[in-house]
1. Of the residues that make up the range 95-111, is at least one touching a Phe, Trp or Tyr at 6+ places or on another chain (Cβ under 6 Å) and either surrounded by 13 or more Cβ atoms within 10 Å (Cβ to Cβ) or on the phi < 0 side of the Ramachandran plot (or both)?
2. Among (1) over 18 Å from Pro404 (Cβ atoms); (2) outside any helix (DSSP H, G or I), where does Pro67 come up short?
3. Identify the residue in the range 48-75 that is of a type in the set (A, V, I, L, M), in contact (Cβ under 8 Å) with a residue 60 or more places away in the chain and open to solvent by 20 Å² or more (accessible area, probe 1.4 Å) and, among all such residues, is farthest from Met33 (Cα to Cα).
4. Identify, by number, the condition in (1) more than 30 Å from Ala357 (Cβ to Cβ); (2) modelled with pLDDT under 70; (3) in contact with a strand residue (DSSP E or B) (Cβ under 7 Å, 6 or more places away or on another chain); (4) open to solvent by 50 Å² or more (accessible area, probe 1.4 Å) that Ala327 doesn't meet.
5. Tell me yes or no: at least one residue of the range 604-611 is open to solvent by less than 10 Å² (accessible area, probe 1.4 Å) and under 26 Å from Thr640 (Cβ atoms).
6. Among what's in the range 589-603 and is open to solvent by 40 Å² or more (accessible area, probe 1.4 Å) and among the β-branched types (Val, Ile, Thr), pick the residue that is farthest from Tyr541 (Cα to Cα).
7. Does the range 504-518 contain at least one residue that is surrounded by 14 or more Cβ atoms within 10 Å (Cβ to Cβ), at pLDDT below 85 and over 30 Å from Ile420 (Cα atoms)?
8. Looking only at the range 488-500, how many residues end up being open to solvent by 50 Å² or more (accessible area, probe 1.4 Å) and either in contact with a helix residue (DSSP H, G or I) (Cβ under 6 Å, 6 or more places away or on another chain) or at pLDDT 75 or above (or both)?
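The values are calculated or read from the model by the stated rules, or taken from the named source; none is laboratory data. Because the structure is predicted, anything quoted here is derived from the model rather than measured. Methodologically, a virtual Cβ is constructed for each residue, glycine included, from the backbone with ideal geometry; neighbour enumeration extends over all protein chains shown. Accessible surface areas use protein heavy atoms only, side chains included; no ligands, DNA or RNA. Shrake-Rupley method; radii C 1.70, N 1.55, O 1.52, S 1.80 Å.
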Amino acid sequence: MNFFRIKKLNVFMLMRFLPQFCMTFFICLFILMMQFLFRYINDLVGKGLDMATLGELFFYAACSMVPMALPLAILLASLMTFGNLGEHVELTALKSSGISLITVMKPLIVLIAFIAVGAFFFQNDVLPKTQVQMWTLLFSAREKSASLSITPGEINTDIPGFNVYVKRKDKATDMLYNVIIYDVSSASNYPRIVTADSAKLNYTQDKKHILLKLYHGNWYEDLGQGGSAGASFGSDMFRRETYHDKVILIPYDATFTKMDDNTMRSQYIGKNIDQLNHSIDSLQSKCDSVGDDIGRQLQMDPVCGVQSKRMVIKDNRPVLEKVHEPAVKHNLDIDSLFDSLSDQDRYSMASIALQQANSAMMNADFKAFTMADDAKNMRRHQIELQRKFTLSLACFIFFFLGAPLGAIIRKGGLGMPVVISVLLFIFYYIIDNTGYKMGRDGRWPVWQGIWLSSAVLMPLGAFLTYKAVNDSAVFNPDAWRNFFRRITGLHVTRKLEMKEVIINEVDLAVATEKLEGLKHSCSQFLSRYASRQSYLQYLMYGYDKKAMRSLSAQVEDVVDYLSNSREQLVINKAMDFPVLRHLLSYHITNYPKVGLALAIVFPVGLVMYLVGIRHQLNLKRDIATCIKVANQVEAIFNGTDDRHQSN
């Protein structure tokens, strides 16, 4: 029976999660596709691409966006699924029947495991091919010439070497009226001008030329190529021609030609794990070889005109051996030798030295640039290799972020889950992009930069899962307020109200006994810590935790007992008892050696000591207030207080 119930629960959870996952996945993919379109819209619009080419490009782009859409969809779907369960009290019903949250999550964990395995094979086998095709089509579209779009009333410059002005255009027949064409293709200062009453623009059948038919116009041309006044007779010659109809053939490639994808296949985006490992080994060997060659070359370079080493081949391996012993075996005063030369010789030697230094610097910069380019290419391959595995882990991380959050916030739909998912994904994207740039630029090791986002979000997912399993109030403001009060030592105000129904009446004898016991305990604590603790005493021992907890429990017991009183004056006076908190600053550590280590680290220990001493003084003041309030309550019981003044 239990097996059947769990099996039914698995089907129930899968039926709840899968529709949400499919919906959120396509929504995320659509949003990312819109971002892709806005980014590359200038490369696609106005190129006259057919629908088949655009559809193929968008399909490959959508496949390339899967690694970013998949984790976000898992996060949003898991958050919505468990949020709906919590909002409709279904999660509470499951827990009340003895089914833990981990048991509820088990079928989805198995499903996410299958998705993660599929994501790995997608990253390794499918994504390289889709990225190769996407970038090939995108670069081919960039190289394609823009399609002509003649706008009436504007000068069109899409035709290379020609500026065309059209006053009116008939959309039904595509006829152009009042056309002026400026031919600026030649090197003359003055363009060739052609006017026409009407014109018709078409492409040739092979779409390699523009066929422009002109009707009833004039042709103006400066035969002297723009000669100025005062020049020879030939430079002032002009040509004017009136025609009935004329045909102009203008070279213009309007076809779409797909580039060869072999170039993209050789890049890091088009390789799987085996190819990436092979390329990384080749690049590493190349970098090592270039580095060794540069090192040997530096050792062979002459020093002060004397070459000390040369390269020889021994056992089919290049080896450096000494050529000369040092030519000068005693110290020389270079400055005195330089000063003994004539001014012309000093200038000549300084010029030669400067030229040699500049040449050496340029040579070193060129070698450094070559090695830096190879190293950057190798890091790009290493980044792509690491990313083959990060997507699978990101699926698990985002599931263990979304499912516990949904169980905690208990809100379904597309409101709160979308806001939280977007915030978490932005946080993840910022960290991931930062790590990627650090690894790409060589500031961090590649594996540290690529796995940075996983290392940051994994503890957060474990923390949220632990809190959700234990039904902890993660988003309860009172819990966080009490936590920060424990750290900062902020004062807590006690509030009591008169009870309408009292079961246990206050007995004066019992109340007096409790008050006397409280005063005795407070006096003992104050006498035990009458003086201020020293620097070492505070950091190594602090106040006794057990004594503080016992005293706090005793105060709360007295207040709870007095809250059953039928006198408003007693209730008001019971609210004057301060709340004795268990601040971390009262007792730093349970291990004296750790406190001694903090004391040695003087700046840290000194700050902790100054803060802790202030909190301890506030604690002793509150304990003294407890004694004072206890005396006042006893006076109320004995009838010796000034009730009017107390009120």
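1. So far as the range 95-111 goes, yes, one or more of its residues are touching a Phe, Trp or Tyr at 6+ places or on another chain (Cβ under 6 Å) and either surrounded by 13 or more Cβ atoms within 10 Å (Cβ to Cβ) or on the phi < 0 side of the Ramachandran plot (or both).
2. Every condition holds for Pro67 apart from (2).
3. Our first condition is that a residue be of a type in the set (A, V, I, L, M); within the range 48-75, this holds for 49, 51-52, 54, 57, 61-62, 65-66, 68-70, 72-75.
Subsequent filtering for residues that are in contact (Cβ under 8 Å) with a residue 60 or more places away in the chain retains 49, 57, 61, 66, 70, 72, 74-75.
Checking the rest, the ones that are also open to solvent by 20 Å² or more (accessible area, probe 1.4 Å) come to 49, 66, 72.
Numbers: Leu49: 18, Val66: 10, Leu72: 14 Å.
Only one residue fits best here, namely Leu49.
4. Going through (1) more than 30 Å from Ala357 (Cβ to Cβ); (2) modelled with pLDDT under 70; (3) in contact with a strand residue (DSSP E or B) (Cβ under 7 Å, 6 or more places away or on another chain); (4) open to solvent by 50 Å² or more (accessible area, probe 1.4 Å) one by one, Ala327 breaks only (1).
5. Within the range 604-611, none of the residues are open to solvent by less than 10 Å² (accessible area, probe 1.4 Å) and under 26 Å from Thr640 (Cβ atoms).
6. Only one residue tops the list, namely Val601.
7. Within the range 504-518, one or more residues are surrounded by 14 or more Cβ atoms within 10 Å (Cβ to Cβ), at pLDDT below 85 and over 30 Å from Ile420 (Cα atoms).
8. 5
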